[in-house]
Amino acid sequence: MSNEIELKLAVTAEIAEQFSQLLSDFRLLQQAQIFLANTYYDTADHYFARHKMGLRVRSENQQFTQTLKTNGKVTGGLHVRPEYNFPLDSAEPNVTLLQDIANLSLPEPLELHPIFSTDFTRQWWLIECGQHTEIEVALDRGEIKANGQIEPICEIEFELKNGALADLFTFVANLSFVNGVRLSSLSKAKRGYQLAQGKCPPPRDWIDAWRDFLHTEQTAENPAQILTALLAYEQQLIEETLQLGSSFFAQTFIQTVERIGAFFNLYHYYTDHGYLLQQVLAQQETDYVDESIVLEVIDAHQYLFAQIRQIIQLHSESKDNALAMKKLNELFFQGQYLKRMLALISMVN
């Protein structure tokens with residue numbers, strides 16, 4: 001068993017095409033391109049999904065590996081998950097191997113069924129950046145398939161193989177992304193299950209979610225807990241907004257108002273509570289964030305709050321739901337939004 005520590009970015013096709021050029025200034029220890037075919041398995045009642053786990057069999061150059069990823073921690077786009085890997089003689093999953101994992105209570109009998117597949121080309125680089133720091137960078141392009149439905153895969157994963165977590169944040173922040181990239185908290189497995197079920201989860205009541213956050217603010221033991229809850233709220237709100245898509249919000253004026261209002265509450269809170277970041281920085285030991293970066297993040301919050309007010313005005317005057325949501329979604333794919341999120345995530349990890 002090992003802990004997988006990685007940052008995941010969702011990127012546009014244009015960024016994917018240009019990405020290798022961004023790595024040309026770094027020392028490459030290895031690089032390759034491979035095709036990975038993956039089938040995810042579960043029981044009829046989705047035992048693994050219900051326990052926030054993923055079980056897959058991967059085929060790579062006619063070699064097979066069974067992997068169980070167990071429930072871990074996701075903050076923004078930073079994924080820290082325990083995983084177990086077992087070599088196989090064929091593409092069929094081996095239930096016996098799972099029974100040897102400690103603290104894993106499996107149903108008996110364990111009958112597995114294929115749920116979905118993810119097939120993609122991976123272009124990867126092992127990069128040395130700084131003394132004793134190695135980061136594996138993987139650009140994945142392909143498809144998720146389930147029940148005749150297909151979703152594209154276009155993402156970049158940065159996995160820390162050796163070194164400090166701060167090195168990972170520094171490396172990604174120093175890449176010259178401008179637009180077309182955002183942190184992603186959705187794994188391929190979670191996207192696959194949603195595709196297999198044929199629908200996205202129903203929209204959350206974000207007014208209630210905001211009340212829950214305010215309750216956490218009142219009961220938190222330290223500023224880092226508040227910031228962690230705020231980040232969870234923000235990333236979940238972004239993921240759901242993008243998953244629902246413009247067509248969902250184009251249906252009614254009030255749905256668009258409510259969604260933009262949720263981001264208004266978020267960015268208003270950030271601008272009114274700039275001292276929260278100062279408090280977290282004072283309590284946390286981090287080699288990535290310093291006072292100057294905190295001031296940059298505070299400026300970014302003021303910019304975002306100004307942008308959201310402009311979108312509200314645009315929507316109020318034009319009554320154009322699709323245009324307002326387009327402007328909102330564009331914020332999430334800005335390079336400065338990515339750097340801001342990296343700084344916030346590093347402060348609570």
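Residues of segment 26-60 that are part of a strand (DSSP E or B) and exposed (fewer than 14 other Cβ atoms within 10 Å of the Cβ): ARG27, LEU28, LEU29, GLN30, GLN31, ALA32, GLN33, ILE34, PHE35, GLU60. Got at least one residue in segment 302-321 being of a type outside the set (S, T, N, Q) and not in a helix (DSSP H, G or I)? Scanning segment 302-321, I find at least one residue that is of a type outside the set (S, T, N, Q) and not in a helix (DSSP H, G or I), so the answer is yes. For segment 208-226, the candidate set comprises residues that are modelled with pLDDT under 95 and among the aliphatic types (A, V, I, L, M); within that set, the residue that is nearest to LEU78 (Cα to Cα) is ALA224. Do we have PRO87 as in a strand (DSSP E or B), surrounded by fewer than 16 Cβ atoms within 10 Å (Cβ to Cβ) and not charged (D, E, K, R) here? Yes: the conditions hold for PRO87.
GLN66 meets the conditions (1) touching a helix residue (DSSP H, G or I) at 6+ places or on another chain (Cβ under 9 Å); (2) open to solvent by 50 Å² or more (accessible area, probe 1.4 Å) in every case but one. The failed one is (2).
Taken over segment 1-12, the criterion of being surrounded by 11 or more Cβ atoms within 10 Å (Cβ to Cβ) and over 21 Å from MET341 (Cβ atoms) is satisfied by ASN3 alone.
The values are calculated or read from the model by the stated rules, or taken from the named source; none is laboratory data. What you see is a predicted model; the values in this text were computed from it and never measured. All Cβ positions, glycine included, derive from the backbone under ideal geometry; neighbour counts span all protein chains shown. The protein model used for the area step is the full one, side chains on, heavy atoms only, and it has no ligands, DNA or RNA in it. Shrake-Rupley method; radii C 1.70, N 1.55, O 1.52, S 1.80 Å.
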